[in-house]
1. Checking the structure you have, find out if any residue of the range A:105-120 is under 13 Å from the mean Cα position of the chain (by Cα), at pLDDT 90 or above and on the phi < 0 side of the Ramachandran plot.
2. Take the conditions in contact (Cβ under 8 Å) with a residue 24 or more places away in the chain and touching a helix residue (DSSP H, G or I) at 6+ places or on another chain (Cβ under 9 Å) and apply them to residue B:56. Does it pass?
3. Filter the strands (runs of 3 or more DSSP E) completely within the range B:1-46 down to those with at least 3 residues that are touching a residue at least 60 places away in the same chain (Cβ under 8 Å) and over 18 Å from residue A:222 (Cα atoms).
4. From B:68, B:48, B:76, grab the single residue that is under 27 Å from residue A:236 (Cβ atoms), away from chain A (no Cβ under 14 Å), within 12 Å of the chain's Cα centre (by Cα) and surrounded by 14 or more Cβ atoms within 10 Å (Cβ to Cβ).
5. Quick test of your reading of the structure: residue B:85 fulfils all but one of (1) more than 10 Å from the chain's Cα centre (by Cα); (2) within 14 Å of another protein chain (Cβ to nearest Cβ); (3) closer than 24 Å to residue A:51 by Cα. Name the failing condition by number.
6. Got a sec? Which of A:232, A:209, A:253 is within 14 Å of chain B (Cβ to nearest Cβ) and either within 28 Å of residue A:99 (Cα to Cα) or at pLDDT 90 or above (or both)?
7. Hey, could you check the range B:1-37 for residues that are crowded, with 16+ Cβ neighbours inside 10 Å, facing chain A (nearest Cβ under 10 Å) and out of contact with any helix residue (DSSP H, G or I) (no Cβ under 7 Å at 6 or more places or on another chain) and say which is farthest from residue A:234 (Cα to Cα)?
């Protein structure tokens with residue numbers, strides 16, 4: 001039976017923990033709103049870009065002369081897994097879910113005898129990946145100084161990736177991030193970013209009008225121009241989704257923590273009151289029996 | 001005269017969506033003006049100044065754009081720029 005004093009100390013400590021988790025939850029909720037707005041604001045650009053990409057791709061035939069970013073290097077031996085995680089923890093299963101998906105893919109690829117390397121965005125996936133796949137991490141992008149993801153940040157990463165691709169460091173790049181669905185659900189997602197996957201059977205959305213579009217310069221030149229941009233936009237979108245997912249996940253986790261702390265306080269308070277009552281009863285019994293004895 | 005529907009989009013947000021008279025876009029192969037009813041057209045743009053005309057001779061906005069591309073379809077003109085900042089007159 002813990003003493004009254006130690007119970008009291010525990011209740012105070014749980015209460016202050018609850019205060020912290022409550023504050024974190026509220027901060028996450030506010031940040032979530034902002035991140036969600038940013039993710040939504042970025043959607044029109046990504047949507048239009050992908051429409052343009054697919055309409056262009058249907059006009060260009062993939063041949064040996066087409067850009068490598070589109071056609072690939074002709075081999076699929078070396079894979080680069082770009083894993084985007086957060087910079088901070090205490091976000092529930094957010095980071096471990098992303099890493100889990102990346103590990104699954106990595107293990108499948110390794111089982112097929114492929115080379116797998118990791119490129120990390122954010123530091124939270126590092127520990128696990130470094131332990132399971134030692135020496136496989138080629139680079140880690142530090143994002144701890146970034147408060148709100150800007151397109152320039154994504155652009156920098158994509159330039160680095162394309163430089164590595166041109167230098168022949170890998171053949172295929174996969175991107176792992178958590179797609180934001182709601183504050184309660186974030187879906188870990190895998191996306192191939194290099195070579196650019198094109199929906200070959202892209203529906204002829206604009207129909208006959210498309211046929212008379214003029215291009216300046218020609219289709220192929222535009223496509224070459226757009227491919228690196230597409231990589232950057234995909235990365236940017238993933239980062240935005242990730243930011244929103246992280247806050248959503250943290251909000252849920254902290255909400256649960258706050259509730260658990262509340263339950264714990266209730267339990268401890270009941271225990272405290274019972275102990276106090278027991279102590280009073282014992283004291284009374286002692287006094288009464290002492291008086292009777294006289 | 002019918003107005004041109006003009007949209008300026010950056011990766012961060014939809015910057016402009018309005019009805020204008022004409023837009024002059026800095027294409028890689030030279031500036032081009034787009035009026036309502038322009039034929040379907042697509043061009044890569046270079047960094048430069050984009051001018052929005054609210055009337056035949058009135059420039060309502062001058063915007064510095066950086067890289068991207070412009071698309072004209074039956075709905076109007078869409079400029080996808082990597083970055084855009086309005087130049088204060």
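The values are calculated or read from the model by the stated rules, or taken from the named source; none is laboratory data. Because the structure is a prediction, the values reported are computed rather than measured. Backbone-built Cβ (ideal geometry, glycine too); neighbour counts: all protein chains shown.
1. Yes, some residue in the range A:105-120 is under 13 Å from the mean Cα position of the chain (by Cα), at pLDDT 90 or above and on the phi < 0 side of the Ramachandran plot.
2. So residue B:56 does not fit the description; no.
3. B:4-9
4. B:48
5. Going through the list (1) more than 10 Å from the chain's Cα centre (by Cα); (2) within 14 Å of another protein chain (Cβ to nearest Cβ); (3) closer than 24 Å to residue A:51 by Cα, residue B:85 breaks only (3).
6. A:232
7. It comes out as B:32.
Table: residues versus (1) buried (at least 16 other Cβ atoms within 10 Å of the Cβ); (2) more than 9 Å from every other protein chain (Cβ to nearest Cβ); (3) over 30 Å from residue A:76 (Cα atoms); (4) modelled with pLDDT under 85.
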residue: A:192; (1), (2), (3), (4): no, yes, no, no
residue: A:201; (1), (2), (3), (4): no, yes, no, yes
residue: A:214; (1), (2), (3), (4): no, no, yes, yes
residue: A:217; (1), (2), (3), (4): no, no, yes, yes
residue: A:221; (1), (2), (3), (4): no, no, no, yes
